[in-house]
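Read the structure below first, then the notes.
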Amino acid sequence: MIKVENLTKRYAGVTAINNLNFEVEKGEIVGFLGPNGAGKSTTMKILTSYLPASSGRATIAGFDVFEQSVEARKRLGYLPENTPLYTDMRVSEYLRYRANLKGVPGRKLKQSVGDVLELCSLRDVEHKLIGALSKGYRQRVGLADALVHDPDLLILDEPTIGLDPNQIRHVRELIKNLGGKRTVLISTHILPEVEIMCSRVIVIHKGKIRASDTAENLLKNQRTAGSMRFEAKVGSDPAAAALQKLPGVKDVTVDQDGDYSVFQLRLEANTDPSEDVMRLAASKRWAVREITRRRPTLEDVFVELTHSDS
Amino acid sequence: MKTFLTLFSRELKSFFYSPIAYVVLFYFLLLAGVNFWYQIQLVNGYPAEVTIVEIVFAQALFWFPFILSFPLITMRVYSEEFRMGTLETLTTAPVKDWQIVLAKFAGVLFFYCILWAPSFLSFATFQYITGHNAANAAGAYLTTFLLLFLMGMFFCSIGLLASALTKDQIIAATISFSVILLCVFLPFLPTVMNITSPAIKEIFAYFSPVQHMEDFSKGIIDSRPVVWYLSMTALMTYLTLQVFQFRKWKA
């Protein structure tokens, strides 16, 4: 559905994206991750023909976004960052205008607008001025606009920003339900969102792709590993040293909490020394209060991929 | 065509969403009415050698509101899209840039015609009530409004170009007001500077809207101003398209 080849965009002296290559298949929901200024929005703007690329090419459903931009644009729905809308129009009037503009035939107009009003729960505000709506409603009007012509591809730039937790849940459900039939490219820096919604993640940093895989695989292959918290009454035992010697343990720090010692174990990748820890505790007869393994999260992956300047 | 009509009707409606349309309409109607009434009074007082149409459109009371109306109706058109960021939703819909530029031009021009509709009617009413011709012939009446339309095209296109240059409405209005003011009053330069050379005077007269109005309100159709206004409108609109694309791609 989307094919990006050697895409580069330079603004006066700054390279926003550098030689980007990726593909998105039909029906995928792809999360586009990266810190602010990584080039997510720039890439999306090029895909939607809003900006021309400096070099390289991108196609949507086989149509070049520069050469055959109108054909490409017919097939996509786009929700820009900050959701710009005509504040002087009413919700349903705006959606009718947008549907017309995107070539929805007259006989299907009422149906299409009605559908997206339902889908985005906008029925109760359909006659209100957009300027009078809250941020959450505006966001949903933007989403309804992106969906109104039933596009094959949705490009959503931070769709859940500014929404309250209930609305976020609602929008996530909505996007998740769109998958399969439609292709979705969604940028965000809310990480749990990606794990919930997306079938694949593309991590971009400083204009380059750092990783492109399912969230699961990213976690599995991640180099910095998880950690373990272990609380036990160990008396004066040199427990830290004993724990340190276990296979898979990188280092140990100790805190005191009353009679109990609280150990933080940093672990190597893909290791789980919990059995060894329990065996050690049993053999030394420590009273164990808590043992918790903290799995690496997407946040760890994200930090690792985008923190270093390498 | 459907795309163009959709854009056009949004553009035209947007005038009436804001109070600007009503304010401009009110003030224009008021001044045009006062001007019309005042000139009738004047002509009533003593035998005149000019027609109502000729005298009405020769007055400062006509020219000043006329010049001022263009910045007011055009300043918002592009600036507002830039400022609110709606340029992005507009241009990522499957529409071509020239469709946007032409639709905006057509929308503004149509509103300008709405501004003039009451005046058009007041002359008709005059003829109906008094039984006298407001102009020296029906043709003169039409040529006057033809010129108003042609000048409107040119000055609207200047205003739109100014609006496409900036996201600040006030700056857009200032630019277009200055340029249109120059277009109207620069041709008086030879008079002001006491230049007697007939060649120079004639050149300036070619470009003088005031001179054009004097001719057209008598019913004289001169093809030179027609070509001048049409070609300048085309040029301004072409430049607007270029500026629009440049600003979009720079964004």
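Observations on the model:
- For segment A:96-230, the spread of Cα positions along each principal axis, largest first, Å: 60, 30, 27
- Positive contributions from Lys and Arg (+1) and negative ones from Asp and Glu (-1), summed over other residues with Cβ under 12 Å from the Cβ of residue B:214, come out at -2.
- Given charges at beta-carbon only (K, R positive; D, E negative), |dipole| of chain A in Debye: 680 debye
- Between chain A and chain B, roughly 2600 Å² of accessible surface gets buried, counting both sides and using a 1.4 Å probe.
- Rounded to the nearest 10 degrees, the inclination of helix A:165-178 to the longest alpha-carbon principal axis of chain A is 70 degrees.
- Here segment B:2-250 exposes an accessible surface that is 73 percent carbon and sulfur, computed with a 1.4 Å probe and the other protein chains kept in place.
- Helix A:298-307 vs. chain A, principal-axis angle (Cα, 0 to 90°, nearest 10): 80 degrees
- Accessible heavy-atom area order of B:163, B:18, A:283, highest first, probe of 1.4 Å: A:283, B:18, B:163
- Where B:86, A:292 fall by accessible area, highest first, once all protein chains stay in place (1.4 Å): A:292, B:86
- Fraction of the pair-distance distribution of segment A:17-126 above 21 Å, Cα-Cα pairs, percent: 49 percent
- Reduced Cα scattering model of chain A, Debye log10 I(q)/I(0), q = 0.10, 0.13, 0.14, 0.15 Å⁻¹: -0.67, -0.92, -1.01, -1.10
- Segment residue B:239-residue B:146, extension gain: residue separation times 0.36 nm, minus the distance between their alpha carbons: 31.0 nm
- Kirkwood Rh, Cα atoms: Rg over Rh of segment B:57-125: 1.13
- Solvent-accessible area per residue for chain A (1.4 angstrom probe, square angstrom): 47 Å²
- For chain B, the mean residue ellipticity at 222 nm estimated from helices alone is -28000 deg cm²/dmol, where every DSSP H run of n ≥ 4 contributes -39500 (n - 2.57) and the total is divided by all residues, rounded to the nearest 500.
- Using C-alpha pairs below 8 Å separated by at least 6 residues, the relative contact order for chain A is 19 percent.
- Of B:46, B:112, B:238, the one that fluctuates the most in a GNM where chain B has Cα springs shorter than 10 Å: B:46
- Pairwise alpha-carbon distances in segment B:2-250 exceed 29 Å for 35% of all pairs.
- Share of carbon and sulfur in the accessible heavy-atom surface of segment A:98-150 [1.4 Å probe, %]: 51 percent
- Helices of chain B meeting both criteria, an alpha-carbon length of 15 angstrom or more along the long axis and an average Kyte-Doolittle score not below -0.5, with helices taken as full DSSP H segments, are B:2-17, B:19-45, B:60-84, B:97-130, B:138-165, B:169-185, B:223-250.
- Result for chain A in a Gaussian network model with C-alpha springs under 10 Å: among A:63, A:263, A:32, the largest mean-square fluctuation is at A:263.
- With helices as the sole contributors, chain A gives -10000 deg cm²/dmol at 222 nm; each DSSP H run of n ≥ 4 counts as -39500 (n - 2.57), and the sum is divided by every residue.
- Nearest 10 degrees, 0 to 90: helix A:91-101 Cα axis against chain A principal axis: 70 degrees
- Accessible surface for residue A:170 stands near 70 Å², nearest 10, in the context of the full protein assembly shown (1.4 Å probe).
- Isotropically averaged projected area of segment B:141-196, using the convex hull of Cα atoms (one quarter of hull area), nm²: 5.3 nm²
- Alpha carbon Rg of the protein assembly as shown, scaled by the compact-globule rule 2.2 N^0.38 Å: 1.39
- For residues of A:96-104, the mean tally of beta carbons on other chains within 10 Å: 5
- DSSP beta bridges in chain A [antiparallel fraction, %, rounded to 5]: 70 percent
- Heavy-atom accessible area per residue - segment B:2-250, 1.4 Å, Å²: 46 Å²
- For chain B, built as a Gaussian network whose Cα springs stay under 10 Å, the top-fluctuating residue of B:71, B:187, B:19: B:19
- Translational D in µm²/s for segment A:117-197 (Stokes-Einstein at 20 °C, 1.002 mPa s, Kirkwood Rh from C-alpha pairs): 163 µm²/s
- Relative to the Cα centre, the charge distribution of chain B, modelled as +1 at Lys and Arg Cβ and -1 at Asp and Glu Cβ, gives a dipole magnitude of about 780 debye.
- Buried on assembly, segment B:84-125 (at least 20 Å² less accessible surface than by itself, 1.4 Å probe): B:84, B:86, B:88, B:89, B:90, B:91, B:92, B:93, B:94, B:95, B:96
- Segment A:1-66 and segment A:216-285 have Cα centres separated by 44 Å.
The values are calculated or read from the model by the stated rules, or taken from the named source; none is laboratory data. All of these numbers come straight from a predicted model, not from anything done at the bench. Neighbour counts are summed over all protein chains in view; Cβ atoms, including those assigned to glycine, are modelled from backbone coordinates with ideal geometry. For accessibility, only protein heavy atoms count, side chains too; no ligands or nucleic acids. Shrake-Rupley method; radii C 1.70, N 1.55, O 1.52, S 1.80 Å.
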